[in-house]
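First the structure, in the form of structure tokens, and then the observations on it.
Readers should treat all values here as calculations from the given coordinates under stated rules, not as data from a laboratory. All figures in this text were calculated on a predicted structure; none of them were measured in a lab. Counting neighbours? That spans all protein chains shown, and the Cβs are built from the backbone with ideal geometry, glycine included.
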Amino acid sequence: MPVEEKSQLYLYSVPPPYDDLDDSEETGPFLSSSASSSYSSSTRNERVTESPEEQRQQFISRSLLRHEPRQTSDDVQSNDLSTPRSSSESAGLRREMLLLDIVEPPLSGTLLQPSIQSRLATNIKSRLTNLRRLASHLNVVKWLESRFQFITAFFHSVNSGYDRTMSSVSSGLNTRLEAFGNPRLIKRLAIVFILSLGMWLVIASDLLPFGTSNGGFSSPPQHYPLDSMQEYFFHEVSAKKIAENIQALTALPHMAGTTGDMSLATYIAQQFRDFNAFDTVETKQYDVFLTYPNRSGQRLALLSAEKTGRSFRRDILYEAILNEIEAEPGTIDKQPFPIHGLSAPGNVTGHVVYANYGTKKDFEKLRELEVSLDGAIIFCRYGLVHESLKIKAAEIYGAGGVVLFSDRSDKDEASYPDGRAVPEGAVQRGSAGLRNWAPGDPLTPGRPSTPISKKDGKENSTSLVNIPSLPISWDDAKPFIGALRGYGNKVENSWIGRFSGVDEWWTGSAEGPLANLRNSPVEREDQPIWNVIAKIEGTDQPEKAIILGAHRDAWCYGASDAMSGTAVMLEVSRILGHIASEFTWRPLRSIYFASWDGTEQNLIGATEWVEENIDSLRQDGVVYINLDQAVSGTEFNASGNPLLNSVLLNVLDQVYDPFRNKTIRDLWGLTELPPLEGDKDTIPFQSFAGIASIDLGFSSPGGYPTRTCFDTKQWLNKFGDPSEVFVSSDKLVQLSYEKNDLADDGFPYVFHKLLTQIVGAMIIRLADEMNLPFDLSSYARSISHYVADLQAYSGEERKLEVQNIVKGISALIESALQVEKWNNEWMNNFMAMGHVETTSMTAHRWSRNSRLTNLDKHLLNMDGLPGRSWLKHIIFAPQMWPPSVQDKSFVASGTFTAVRDALESGDVEEAQRQIDKISDQLYEAARKVVS
């Protein structure tokens, strides 16, 4: 008896991701190959006139049309869904994979091409047609017949003789074959035998290639149970491969746009091509505004101000070295000169003021203490907020320039090489680009830096500061901070740095010592940078995109930031590529692997790519996974969109920390994803394109030598991914390893391997589960937490009315329950029909998946946030002025940012208006999931 389809609970139509798009699911221009594009356009345009059976066949997943269902054995109860599977199934897949013969890859570009016979016949037919047309055009035949009639007679004679001969031979052959049976049947069998023999000889001789290469795959692609694929993936993670990539990626400095950076782009692109699994491998160039060091144009000097009569005589008391001490023996000549990327040029002299971390609250504190800031040279520590916001705050409060120095993370932490802390002679680079306001190329906000894009002037840029700045070491900072003693006010304990060398810390004043700051960077308005993008195309909905990205550029060697992330990304792509090429697997949705350039300057590479492909991404982008400071310690951390909460927790439950013998989920201890930070490549995806995004990694409270030349492979092996771990304050665990578990350098790379397993398992689930594993319930719970955090942020004196948001949260909860009901009914029907989808089941599944994907896109305000029009997401976006150290209880600062920005400026009425707008849009977005 056929299974009854409950169509009243399903949805065909999909609301547009945002108001400017039509209500359609057309394939975007960049997210599909020509084959998939033609499939989408032709089938959808023809459905109106096709018969019901043809319509059913068009709606059925192509993976189901091409081959048997994902798993047809009687003992398997589910296929690519999130239902648990037995260990026997996992072992079965491993045996199946290991027993498969490895075949030679085909030639490049053979994907979805016609057969050789078809192409040969078409070619011959085309050439004969051309000859006939030429002969007809020249009247050659008629001319010959009229001039040489004997030719016609000759050919008639030959043709008659041929017919007589063939008739005689055929008659004789038939007479002989009649003794064995029906002559016609025997001749047909002989022809079949000869053709089969010929085909066998072609295949056995390897004359024609079969298998995969450069994205081509032997049709049909195979699909495997997800738990089994995941287990196989875990088994394939290799410390040797990770170490090889880290060694290559950290061999030389590679600032964005330099030859070192370009060589690594070439290396990564070649790695992708060597995997022989990707449908496309593209190196995409953008020409952007960048700045570079100018050693002779940078200066910082401490000056005296001795009055002689009516004038002042200024003597140089100390001139900063500005360079960084040698990180590793023999590397001083390789180390780039420190700089702030996108910093403003200038030559200013002013009195020295110490401003703690340089937050707005720190500057307000100095104002309360009546410390003059006009024209001052501000000294402050890195940390708490992005360096660009420190420089911008100083500009707003009237300062003439800013000097930033690193501080030890813990006063009891030893400095490298004895401990993980940054040495006193290290210099932390950084960026003056205001990524919280408008990331990307400062001269092309909102549009890609392509040759046809108009460039704005620097004076009109919203992401550039207007006062100069320099980074220095603590060794260089000590003379300036020490010289402030007795000037201004003695600072409170929370303002005192952790490095030694200064007995008393003072704020400084207008009567105190002076400093001269000169910054003259090399500016390039059309500097090439290179993103490298590889793609495994999906089979069910190839236009839908799962994107894994890690930035490649670094201020120096960048072992933790971000070569550890790039190494993990390459290992994930290698293993998935191996499965795709050797076992003819293809995911349901397309997977993209991206190596971004220019992140350190202003998230430029990722932002330009998103801006160039924005319509396709807002239509079909599903998830973005980011790897930045991926491995710099032993404690797991994650932040992201709550839609990804469930899939992350399920994966963490299956990955074990061998040092502590617990799952990563147990060690992490959280049940909900914290919101994203505001200074990573997730910003263009989440806050501009409306794509659910997540950032993953392992870190340590002790930090790492961020953006210094001490962030090397040696530091990473000793402290970032150590071979022995303190599992408690007094218990050090060191594991023993088999030879195969160690890289050639003797290190196990445990936490790189763990992160590779986590990321790989998430991608397998997100790209290959039929029902997208998004968690609407977690989204609703998280928004409730964000609202509570917002109320605490506003305080009693600025109390906001948030009841309207409750309506949107309730709608989200109802939508979550309805989607769960639909998924259960779809599962029951799928199982009852023997793991086959009907036309309507496929259409409903596609519709539900698209509606879940579009939730964040419906939360985009296309006019942008007030004062920062580039940012579009009404809930997830970086705050204009993030909370300072006194506000660490406000953990959700990257949420409801328009409201928080209004509160920060003191406009409570505007904050309430923003709350009401968000409430209405949230309610409508929640309804569109199910209506």
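Taking label positions 7 Å along the Cα-Cβ direction at both L317 and D374, the computed distance is 2.3 nm, reported to one decimal. Annotation: the residues Y397, Y354, sorted from fewest to most other C-beta atoms within 10 Å of their own C-beta, follow the order Y397, Y354. Fully extending the segment from Q803 to S500, taken as 0.36 nm per residue of separation minus the present Cα-Cα distance, adds 103.9 nm. Taking the number of Cβ atoms within 10 Å of each Cβ as an exposure proxy, the fewest-first ranking of V491, V422, V733 is V733, V491, V422.
Among D526, D789, a tally of other beta-carbon atoms within 10 Å of each Cβ gives an order, fewest to most, of D526, D789. Between G538 and S590, I591, the built amide H atoms are under 5 Å apart, and every one of these is 5 or more places off in sequence or on another chain.
Full extension of the chain segment joining K361 with E328 gains 8.0 nm, where the gain is 0.36 nm per residue of separation less the Cα-Cα distance. On a straight-distance basis, which lysines could pair with K799 in a cross-link, Cα separation under 18 angstrom, same-chain partners fewer than 8 positions away excluded? Those lysines meeting the cut-off are K917.
Exceedance of the 30 Å cut-off in Cα-Cα distance is limited, within the set K680/K713; K241/K680; K240/K544; K334/K365, to K240/K544; K334/K365. FRET efficiency for the pair D412 and N828, taken as 1/(1 + (r/R0)^6) with r the Cβ-Cβ distance and R0 = 51 Å, rounds to 0.30.
Maximal additional length on extending the F337-N650 stretch stands at 108.2 nm, based on 0.36 nm per residue less the C-alpha distance. The calculated FRET efficiency for K458 paired with V836, based on their beta-carbon distance and R0 = 60 Å, is about 0.50.
Contact order for the range 724-826, expressed relative to its length and based on alpha carbon pairs under 8 Å spaced 6+ residues apart, stands at 19 percent.
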